[in-house]
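To start, the structure itself, in structure tokens.
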Amino acid sequence: MIGAGGLVLAVAVLFAVVGPALGRRLPPALATRVLTSAAVAVAAATGAVLGIAAFTLVGQVPQIAAAGRWSAQVVRDADPVHPALAVVCGLLVLPAAGRAIVLLVRRLAAFTAVQRACREHPDADTLIILEDERPDAFATPGLRARIVVTTGLVQTLSSPEQQAVLAHEHSHVTHRHAWWILAADLAAAANPLLGPTARTVAHAVERWADEDAAAEVADRRLVARAVGRVALLRHRFAGRTVPAPSAVGGDVPDRVRALLAPAPERRLRHVALLAVLLLVLAGGSALVSERGRELFAHASISHQHH
């Protein structure tokens, strides 16, 4: 169990180190899907390994063993994980679960607040013009996602630039980018090593919307100019608090540079490397889970015989 668990944790650390770099070499839509899926898998696998390791100690408590109908003595004799290591695993997994739950509750509450604010515009279908001097545009999350644009932005940008921004936000709505970001952020909350991966996903989402906008308006330089202008205008005002993909999200200078370059190409070898890491991760997690199941199954049989 320890060997397989160590392998899972080693792969998780390796992914945390190389994942963001590999993701930046992929087309943004592919990077978003691959990195988010991988981050969730890594967070789940590490959480499972740590939880199982901690439970080998918890399962030795007589009251818990009696409730679970297994032999505490058998689990103690097997000693699959050193008690000190099991305690460390428990101290890691419990706060991780707490951070993920707190983030989920806060983000869903913020999403709900955005949706509640949108109810003040019942006649608006997919586009809401908000009376606000701050130049901003963002896509709301939720089942009925809509685009919100402030009057400050409309009055400042030219018509072609407005079209580019709307195309960018339409991509966020179409592909439900807020949920990709939420999934990556939850993975990072459960496993802090995935923080850089979550930030890479947030940037990739904006790059994805940029590429969609560039394809729609057929002018990469126009989108780059619109993104740059919105960021410069938005810099004059206080930070935005809406938890939704925005025209000024991600690394704006990098987004502009990417738009001034040719469209990105697929690099499947990087996807293949991530796939290999995930296969090893899945195999190690499955082995740890099976060893844990076998241990408590054997302890249950011993309890029944006594």
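The values are calculated or read from the model by the stated rules, or taken from the named source; none is laboratory data. Just so it is clear, the structure is predicted and the values come from calculations on it, not from any experiment. Reconstructed Cβ throughout: ideal geometry from the backbone, glycine too, with neighbour counts over all protein chains shown. For accessibility, only protein heavy atoms count, side chains too; no ligands or nucleic acids. Shrake-Rupley method; radii C 1.70, N 1.55, O 1.52, S 1.80 Å.
Structure summary
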quantity: Unique residue being at pLDDT below 80, in contact with a Ser or Thr (Cβ under 9 Å, 6 or more places away or on another chain), closer than 20 Å to C89 by Cα and of a type in the set (V, I, T) when the list is V75, V58, V42, V49; calculated: V75
quantity: Test: residue in region 177-195 that is charged (D, E, K, R) and farther than 26 Å from P264 by Cα; calculated: no
quantity: Selection count where residues are among the basic types (K, R), closer than 30 Å to Q60 by Cα and open to solvent by less than 90 Å² (accessible area, probe 1.4 Å), scope region 82-122; calculated: 0
quantity: Meets criteria (at pLDDT 95 or above, in a helix (DSSP H, G or I) and closer than 19 Å to A263 by Cβ) for D212; calculated: yes
quantity: Hits in region 163-177 - residues which are in contact (Cβ under 8 Å) with a residue 60 or more places away in the chain and surrounded by fewer than 23 Cβ atoms within 10 Å (Cβ to Cβ); calculated: H175
